[in-house]
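Input: a single structure, listed below in structure tokens.
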Amino acid sequence: MPFITLFLAHSPDADPEKHRAVIDTGMYRLFAVVARDQAQGIEVCKRMVAEEGVQSVVLCPGHSHEDVGAIAQAVGKDVGVTVARGDAASGRIAAKAMEEAGWFAPPRQ
């Protein structure tokens, strides 16, 4: 049985049914899914735990402490939840790139 991980990221223009990938080595299965926002991300996490047997959730650096807690509560005590974070300089670089890409503008209709 493989170790199964979900990497969850947010993007304002995401469709988690379309914006996803899987890498399966046999011993390790990595799902990557991009959700539009926190509410959709929680639903993705709950579904992936129930349907795919995800044992570990790794969140992109954009998740707040409150987001992490809500996801940990949603997936239950048997699923690990961690956040991929860098140092302060990395955070500023990522935030600038996200701003330049239009992430903080009103969502496109």
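The values are calculated or read from the model by the stated rules, or taken from the named source; none is laboratory data. Small disclaimer: the values here were computed from a predicted structure and weren't measured. Using ideal geometry, Cβ is built from the backbone for each residue, glycine included, and neighbour counts are taken over all protein chains shown. These accessible areas exclude ligands, DNA and RNA; they are computed on the full protein's heavy atoms, side chains included. Shrake-Rupley method; radii C 1.70, N 1.55, O 1.52, S 1.80 Å.
Some values worked out for this structure:
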read-out: Among Ala32, Ala89, Ala70, residue whose mean-square fluctuation peaks in a GNM of the chain (springs only between Cα atoms under 10 Å); value: Ala89
read-out: Sparsely packed trypsin sites (Lys or Arg not before Pro) within the range 7-109, loop by DSSP, other Cβ within 10 Å at most 10; value: Lys18, Lys77, Arg108
read-out: Accessible surface of the chain [probe 1.4 Å, protein heavy atoms]: carbon and sulfur percent; value: 58
read-out: Debye intensity ratio I(q)/I(0), log10, the range 13-53, q values 0.28, 0.29, 0.33 Å⁻¹ (C-alpha model); value: -1.01, -1.05, -1.16
read-out: Debye log10 I(q)/I(0) for the chain, one point scatterer per Cα, at q = 0.18 Å⁻¹; value: -0.92
